[in-house]
Structures are given as structure tokens and as C-alpha cells.
Amino acid sequence: MIGHEAFRIEPWAVRETELDLDRLAQTESVFALSNGHIGLRGNLDEGEPFGLPGTYLGGFWEVRPLPYGESAYGYPEMGQTVVNVTNGKIIRLLVEDEPFDVRYGQLLSHERVLDLRAGLLRRTAEWRSPARALVRVSSTRLVSFVQRAVAAILYEVEPLEATIPVVVQSELVANETLPSSESDPRAAASPACPLASVESVSFELRAILVHSTKQSQLTLGAAMDHIIDGPEGTEARAESFPDVARLRISFDVEPGKPLRLFKFLAYGWSSQRSVDAIRSQVAMAVEEAKHTGWDGLVAAQRAYLDEFWERADVEVEGDAQLQQAIRFGLFHTLQSGARAEQRAIAAKGLTGPGYDGHTFWDTESFVLPVLTYTVPQAAGDALRWRHRTLDLARDRAKQLGFRGAAFPWRTIRGQECSGYWPAGTAAFHINADIADAVARYHAATGDTDFDRDIGVELLVETARLWRSIGHHDAVGEFRIDGVTGPDEYSALGDNNVYTNLMAQRNLREAAKAAERNLDRAEELGVDDEEVASWRDAADAVRVPYDRNLGVHPQADGFTDHERWNFAATSPDEYPLLLHFHYFDLYRKQVVKQADLVLALHVRGDAFTPEQKAHDFAYYEPLTVRDSSLSACTQAVVAAEVGHLELAYAYLRECALMDLDDLEHNTRDGVHIASLAGSWIGAVAGLGGMRDFDGELTFAPRLPRALTRLTFRLAFRGRQLKVDVTPAQASYSLTSGKTLEIAHHGKPVTIRPKKKTVARIPAAPALEAPHQPPGREPGEALRPAERRTGQERRRRERDRAGRAG
């Protein structure tokens with residue numbers, strides 16, 4: 001999309017200068033607004049045409065069946081899916097006797113702008129109706145970061161030639177009809193008419209609809225209220241029915257005297273509170289929004305984002321498109337979790353129904369590292385949600401015959417919702433990913449209350465799981481057999497290196513947390529013997545190594561497998577899972593997404609520099625990147641071992657994942673983990689940032705195209721700024737006390753109000769690795785005409801497993 005001539009490259013906005021109905025679903029995701037509690041897709045105000053209507057609430061779900069051809073013990077019986085809730089975005093317009101619809105009459109101009117600094121979506125259209133009336137229609141939309149339950153719209157109508165009669169109709173609509181597609185089972189998973197009406201109320205300029213889900217029994221309230229700034233004689237009337245509420249406004253409007261309608265929305269839901277309580281909640285929230293007023297909401301939004309960008313902005317010089325894409329990624333990452341407040345952060349955030357609105361390991365492994373160093377409160381809240389589901393994870397572990405807690409591969413509420421156990425239940429690494437996020441958050445924030453009340457219990461229960469799953473073999477090594485790592489083209493391997501090393505860190509962090517919190521550990525039944533067993537297992541973890549090849553196999557025996565025949569694989573046969581049986585994929589050396597290479601990044605302390613270089617060179621020709629989760633990791637490790645131009649190419653790929661619709665499913669929502677990965681690729685990749693054992697180290701280097709990289713991060717009450725040029729890096733504290741770091745392996749002391757400058761050593765001269773034919777990172781930025789034949793196949797991949 002961003003390569004289309006209708007999109008402009010600019011540093012602080014995503015601007016579309018003409019409307020392309022064929023790309024409407026994709027742009028609805030790109031222009032989505034959210035705060036982690038409310039998500040509004042970027043649908044047109046008038047409701048039609050649409051690609052995919054969508055209004056979502058964090059954690060709000062309905063039950064759906066999980067059919068099996070053959071059932072077995074321990075299979076999840078029911079799934080969960082995100083619900084398209086009551087739509088408050090709709091504002092319809094009648095000009096004389098013609099409805100405003102961009103498909104009819106003449107659309108003379110149309111522009112939409114996602115303002116990343118202001119947190120607003122602006123739209124302006126000039127339209128001549130079939131009856132020749134010429135009007136300008138403008139809207140500005142926000143989802144408030146400050147008032148969590150609130151969204152608001154400013155809608156303006158102005159005739160450009162003559163006075164005309166106009167009717168505006170503002171709506172709340174529940175149980176919208178959603179488009180279905182046989183080629184996209186994710187859309188089909190959404191139940192039809194999932195909401196049952198409980199109450200509908202309208203009075204003056206306000207209306208409230210209350211609904212409940214039919215099976216999960218969650219209660220939802222949506223309220224709207226209005227302020228009308230129009231000419232004398234303006235008439236308004238509200239009405240409500242079970243699934244729709246309307247406010248109709250009629251008036252005659254003159255050129256130069258536009259009508260301005262301020263629409264305030266409020267949403268709330270609960271599984272426990274009464275209908276009266278939900279109704280009161282949204283009524284009070286919309287009243288507070290109206291009291292604050294439009295200007296107040298806009299000002300508060302800008303102030304919130306000014307503070308965010310001051311502590312989180314990443315600046316790049318030399319590539320304007322990359323600059324725009326990284327800020328776009330940071331904005332959507334913020335939107336996914338800023339006010340989620342102990343609800344799950346889904347893989348698509350609240351921008352679309354992709355993956356049924358489920359959260360996966362992506363959250364802890366890609367999203368939370370970004371939030372930890374930019375919006376730490378949001379990261380802490382996401383981990384508190386995991387803690388709230390701990391009893392469900394304990395039950396799942398017990399069902400599987402293990403001690404501790406087994407967190408779900410995919411879920412909304414906390415129960416396992418994956419119907420394919422080899423790539424779901426067997427991917428136990430999610431438990432270590434959660435533990436890793438806990439340890440990182442505590443080390444980066446020093447939050448002792450979190451450590452005592454939340455962290456230690458999560459670490460203890462996940463450590464118990466590893467001690468239960470693994471065992472010491474005859475030679476004393478601690479083995480974890482029959483598990484699935486991050487690579488979804490392998491399954492049920494013994495001693496997956498990533499899994500084993502992450503489990504090792506989990507076990508050690510649990511031991512340290514128990515010793516920091518002796519009273520809490522005693523309450524959890526932890527004794528000295530158990531702590532010693534964790535340390536013994538961690539010290540003895542098996543890390544396979546192929547001495548003949550001088551590399552680490554992804555899991556035991558992986559390097560003995562036959563290599564995939566890449567030369568005989570045509571470009572149209574990617575993604576492989578749509579054209580080859582898993583039996584064939586699982587027994588060959590072919591990698592869907594970074595697995596061993598991910599271990600080189602997140603457990604880089606377990607490898608020597610030489611091992612990293614050899615391992616990266618070995619796995620590059622095997623990795624096909626049929627997942628959006630791969631490019632950012634490959635960018636990080638490529639930069640570390642010295643392949644700066646390759647790192648730059650991978651960084652561009654992950655940053656442009658949705659702006660260029662590289663996986664061809666942006667229509668279902670943006671890829672939050674890949675967007676967060678643009679920060680990881682810039683900061684951990686080109687910036688060389690690592691945080692092993694809670695200590696910050698940097699090893700920055702820039703590719704030829706970039707002349708400067710500047711980033712900021714929060715760390716233990718300090719605000720650190722890093723400025724990188726090709727020759728040197730400077731470190732400074734914008735707040736906080738003296739900080740000890742390392743720069744390219746040498747200790748550096750950073751003092752307040754004093755810039756510390758260090759030279760950057762040259763990168764080693766290395767032979768560039770090659771990728772599978774046709775899978776080079778530059779190939780991902782394909783011209784639109786090459787995408788047409790692959791779009792259907794990309795969407796269909798969820799028939800067999802999770803898409804990119």
C-alpha cells in the first residue's frame with residue numbers, strides 16, 4: 001500500500017490522498033485507532049462501503065466450537081473468538097435526497113491522515129451528489145489514551161455552492177452483518193449475531209445499548225451523546241431499538257457556515273457486574289467526555305503522545321520510508337497495550353479479527369520488550385493479566401500430567417484454544433517466554449511490589465513445569481524431549497535449543513526470585529531443595545552441538561535431516577504449508593521462522609561470537625520466512641555478526657509488514673509483533689542493545705544507507721538517549737542518576753547532564769550469506785501485480801496452521 005501513489009511518505013503521519021475501494025480492508029486496519037481497551041477499525045464514517053467492519057473491546061469474546069475429526073484426551077473442547085461489538089462510528093449523511101456514498105455521484109477529492117503525534121484520524125472528502133449538490137465532509141476521530149472508556153468524533157458538513165437541506169444520522173449498531181470468505185476461515189469463525197439485547201435507552205441527544213454474549217455471558221454497554229453546532233432551526237430526535245439507536249439531525253446549511261457534530265462514545269463490559277452497573281459506567285464515562293469537551297480530549301491526547309514520543313521515539317536519517325514505518329509501528333504497539341489494563345494483547349491488537357483475536361507467545365517475546373522500555377506500566381499490566389489466568393494454567397498442567405503451570409498457546413480468556421496440539425500444546429516455550437518477560441520487566445523497572453506479588457509466582461510455577469517435563473539422563477544432562485520450538489515447520493523435537501536455553505533462564509530466574517522473596521516463596525511451598533533442583537537442572541541443560549558441521553542443530557538430529565529441495569520449489573509454492581504435507585516439512589531441514597537464530601538473540605549470552613556467526617550462516621539458507629515473526633530477529637542477529645546491509649533489509653521488511661501488506665492479510669488487522677519488531681530491529685539490531693542479567697550493553701553499527709540512528713529507553717528510573725553515527729555513539733541521560741553500561745564490550749559510565757562519546761569499531765569483513773532462492777528480504781517488497789496470484793493462498797494458510 002505505501003508504495004501506491006496515493007500514499008505519501010512523511011515523518012509523522014500516514015497520508016492517503018485518494019480512496020481505493022480495492023484496498024479498503026487493508027487501509028481500515030492501517031487507520032485503526034485503539035487504546036488497548038477500545039479498538040475502532042478505520043471504516044468510513046457513513047458505514048458503507050466497507051472492507052471489514054470492526055469495533056472491538058480488549059478481552060471481550062464469545063465461545064465457538066473446536067471440531068475434531070478424531071478427538072482425544074486433553075484436546076480443548078471449545079474455542080474463543082473476538083466479537084465485533086456495538087459500532088458507534090457510523091454517521092450517515094443525506095444531502096437533499098441523496099445519501100452520501102462514495103460509490104455514487106462524483107468523489108472529487110478524498111484524503112485520510114493518521115496523525116501519529118496527535119493520535120487522530122482525519123478525513124476530508126469533496127463530493128458532488130447525483131443531483132449535483134457539492135459538499136465538503138470532514139471528520140476527525142480519536143480513541144482516548146487518557147479517558148480509557150471513551151472515543152469521540154468531530155463531523156462537519158459544509159455546502160460549497162448553495163444552501164442545501166441536510167440530514168445527519170448518528171448511530172449505535174449491534175450485530176452488524178460481516179462479510180464472509182470461503183478462502184479465509186478466520187472471518188468465518190466469528191459467530192453470526194453474537195449479541196443478545198438486554199436494554200436500549202434514548203433521551204435528548206443520548207442513547208445507550210446494553211447487550212450480552214449468548215454463551216460466554218459477558219455484558220457490554222455502549223453509549224453515545226452529542227453536541228450540535230448548527231444553524232438556527234436545527235432539529236434533532238433520538239430513538240432506540242434492541243440493536244440500533246439513532247440521533248437524527250435535520251437543518252439547512254449555508255456555504256461558509258458548516259454544521260459541526262461532536263459525537264462522544266463510551267464502552268464498558270464485565271463478566272460480573274450487573275446491567276445497572278454497566279449502564280451507569282458508560283453513562284458516566286460519556287458524561288465525563290462531554291464535560292471535558294472535544295478540545296479537551298484532543299489536547300489531552302496530544303499531551304499523552306508528546307510524553308510518549310519524548311521517551312520512546314526512534315529517529316533514523318537516510319531513509320524517510322523507514323522512519324515513517326518505525327513510528328507507525330511504535331504507534332500501533334502503544335495502541336495495543338497502553339490502556340489494556342490487565343487484558344490480553346492480541347496478535348492483531350484491536351485492529352481486526354485476525355487469529356480470532358487471540359494472544360500468543362508474540363506478546364511476551366516481541367511486544368513486551370518494547371513496552372518494557374517505553375511504556376513500562378503497560379508491560380506490567382500485560383503480565384498481571386497472565387497472573388490472573390494462573391489457576392487456569394495450573395489446571396492445564398495438571399490435565400497434562402505435570403506440576404506447575406502450562407500457559408495456553410493461543411487464548412483470549414486463558415484457556416487453551418489451539419486445536420492442533422503438535423504446534424500448540426507442545427510449544428511449551430511460551431511458559432519460558434512469559435518468565436523471560438517477567439525477569440526483564442523486573443530488571444528494567446526495579447518494581448519490587450510486582451516482583452513480590454506477581455513475578456515470583458509466575459516464575460515459580462513455570463519453573464515447576466520445566467522440572468516436571470524435563471529429566472536428567474544417564475549422563476546427567478537435563479533433557480526436554482518432544483517439544484515444539486518457535487519454528488512451525490518442525491515439531492516434537494528433542495532438546496530444541498531455544499526451548500532448553502529459555503527454560504534454563506526460567507529456572508535460574510525462579511531461584512533468584514524465590515531467594516529475594518523468602519516469605520512469598522514459603523507461601524508457595526518452595527523450599528531449599530526445590531530451589532537447588534532448579535539450579536541443578538539449569539546447570540545441566542542439554543544444548544545440542546554438531547561438531548562435524550561446527551553449528552548448533554535446532555534440535556537433536558536436525559542437521560542430520562535431508563535438506564529441503566529449494567531449487568525445485570517454485571515461488572508460487574510459498575508458503576510451503578499450503579503445498580506440502582507437514583510430514584514432509586517436519587522431517588526436512590527447512591525453517592519457517594527464526595528458531596535457533598532467535599536463541600542467538602535472546603540467549604546470546606550462551607553463545608560465543610564465532611558460534612553466532614557460524615550458526616547464522618548455516619540457518620540463513622534454510623529460513624523461508626513464511627511468518628511475520630522472523631525478519632526482525634534475522635535483522636538483529638545479522639547486525640550483531642556483521643552483515644549490516646542484510647540487517648537493514650530485514651529491518652525494512654519487518655517495518656513495512658503492514659504498510660506494504662507483505663503477508664497479504666493486513667485486511668484482518670495489523671501484525672503487532674512485527675510492528676514492535678521494527679523497534680527491536682532498530683534498537684537491538686542496529687543499536688546492538690542487549691539486557692542480559694539486567695545489565696544494558698550496546699554494540700551499535702549502521703548500514704551504508706543510514707547516517708544517524710537515535711533512540712531512547714527507560715531503565716530503572718532513568719531516561720537514556722543513544723545517538724549513533726557511522727563513526728561514533730553518544731550516550732546521555734535526560735533524567736535519572738549515573739548509569740553503568742557497556743559499549744562494544746567496554747564499560748562506560750554515563751553521568752547526568754554529560755554526554756559520553758565512544759568510537760564504533762569497524763564491522764568484520766564477512767562473506768554474505770545467501771537465502772533460499774526467491775526468499776531474499778528484498779523479494780518481500782514485491783510489486784502489486786506479483787501479489788495477485790498469491791493473495792488467496794496466503795489467506796488460506798490458516799486452514800493448516802497459524803499464518804504469518
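A few remarks follow.
- Simple point charges give the picture: +1 on the Cβ of Lys and Arg, -1 on the Cβ of Asp and Glu, and for segment 633-771 a dipole about the Cα centre of about 1160 debye.
- Of interest is the spacing of the C-alpha centroids, which for segment 6-20 and segment 596-615 amounts to 40 Å.
- The residue list PHE616, SER628, ALA649 was ranked by how far each Cα lies along the charge dipole of segment 577-653 toward its positive end, using unit charges on Cβ atoms, and SER628 comes out on top.
- In this rough spin-label picture, where each label sits 7 Å from Cα along the Cβ direction, the HIS291-ARG388 distance is 2.6 nm.
- Extreme residue, positive dipole direction of the chain, given options GLY47, SER129, PHE308 (C-beta unit charges): PHE308
- For the pair PHE203 and LEU66 in one chain, pulling the backbone fully straight at 0.36 nm per residue adds 45.0 nm over the alpha carbon distance.
- Backbone N atoms of segment 332-375 closer than 13 Å to the 7 Å Cα→Cβ label point of MET78 are not found in any residue.
- Across the chain, counting alpha-carbon atoms alone, Rg and Dmax equal 26.6, 90 Å.
- Taken along the Cα-to-beta-carbon direction at a fixed 7 Å, the label points for CYS193 and LYS214 span 0.7 nm.
- Cross-link pairs LYS348/LYS721; LYS721/LYS755; LYS214/LYS398; LYS398/LYS512 - those with Cα-Cα distance over 20 Å: LYS348/LYS721; LYS214/LYS398; LYS398/LYS512
- Between helix 390-400 and the chain: long-axis angle, C-alpha atoms, 0 to 90°, nearest 10: 50
- Segment 651-716: GluC sites (Glu not before Pro) falling in loop per DSSP and having at most 12 other Cβ within 10 Å: GLU695
- Applying the criteria of a DSSP loop state and at most 13 other Cβ atoms within 10 Å to the chymotrypsin sites (Phe, Trp or Tyr not before Pro) of segment 273-369 yields no site.
- With the cut-off at under 20 Å, measuring from each backbone N in segment 707-736 to a point 7 Å along the Cα-to-Cβ line of ARG751 picks out 718-723, 729-736.
- Scanning the chain for cysteines with no neighbouring cysteine C-beta under 4.7 angstrom from their C-beta gives CYS193, CYS417.
- Considering only VAL541, THR374, HIS561, the residue lying farthest towards the positive end of the dipole of the chain is THR374, judged by Cα position with unit charges set on Cβ.
- Across the accessible surface of segment 217-356, with the other protein chains kept in place and a 1.4 Å probe, carbon and sulfur atoms take up 45 percent.
- Rounded to the nearest 20, the Cβ-based charge dipole of segment 299-413 about its Cα centre (Lys and Arg +1, Asp and Glu -1) stands at 880 debye.
- Rounded to the nearest 10 degrees, the angle from helix 320-337 to the longest Cα principal axis of the chain is 90 degrees.
- 0 to 90° range, to nearest 10: angle between helix 456-469 axis and the chain longest Cα axis: 50
- Residue separation of ALA540 and GLN169 scaled by 0.36 nm, minus their Cα-Cα distance, works out to 126.7 nm of gained length.
- In this simple spin-label approximation, ALA277 and SER735 carry label points 7 Å from Cα along the Cα→Cβ vector, and these lie 3.5 nm apart.
- Whole-angstrom gap from segment 495-540 to segment 720-756, using each part's C-alpha centre: 33
- Note: relative contact order over the chain, using C-alpha pairs below 8 Å and six or more positions apart, is 12 percent.
- Neighbour cut-off at most 16 other Cβ (10 Å), DSSP loop, chymotrypsin sites (Phe, Trp or Tyr not before Pro), segment 478-545: TYR545
- In the context of the full set of protein chains, residues of the chain present 36 Å² of accessible surface per residue (probe radius 1.4 Å, heavy atoms only).
- Taking 19 Å as the straight-line reach from the Cα of LYS89, the lysines in range (excluding those fewer than 8 positions away in the same chain) are LYS263, LYS290.
- Placing +1 on the Cβ of every Lys and Arg and -1 on the Cβ of every Asp and Glu, with nothing else charged, gives the chain a dipole about its Cα centre of roughly 1180 debye.
- Ordering SER202, SER71, SER627 by accessible surface, largest first, gives SER71, SER202, SER627; the 1.4 Å probe counts only protein heavy atoms, with every chain in place.
- With all protein chains in place and ligands, DNA and RNA left out, the 1.4 Å accessible area ranks GLU5, GLU288, GLU158 as GLU5, GLU288, GLU158, largest first.
- Just the protein heavy atoms count here, and of the accessible area of segment 44-141 at 1.4 Å, carbon and sulfur take up 47 percent.
- Legend: calculated FRET efficiency, THR448 to ARG132, from the Cβ-Cβ distance at R0 = 56 Å, rounded to 0.05, equals 0.20.
The values are calculated or read from the model by the stated rules, or taken from the named source; none is laboratory data. This structure is a prediction, so every number in the text was calculated from the model and none was measured. Ideal geometry is used to build each Cβ from the backbone, glycine not excepted, and the neighbour counts take in all protein chains shown. Please note that ligands, DNA and RNA were not included when accessible areas were found on the heavy atoms of the full protein model with its side chains. Shrake-Rupley method; radii C 1.70, N 1.55, O 1.52, S 1.80 Å.
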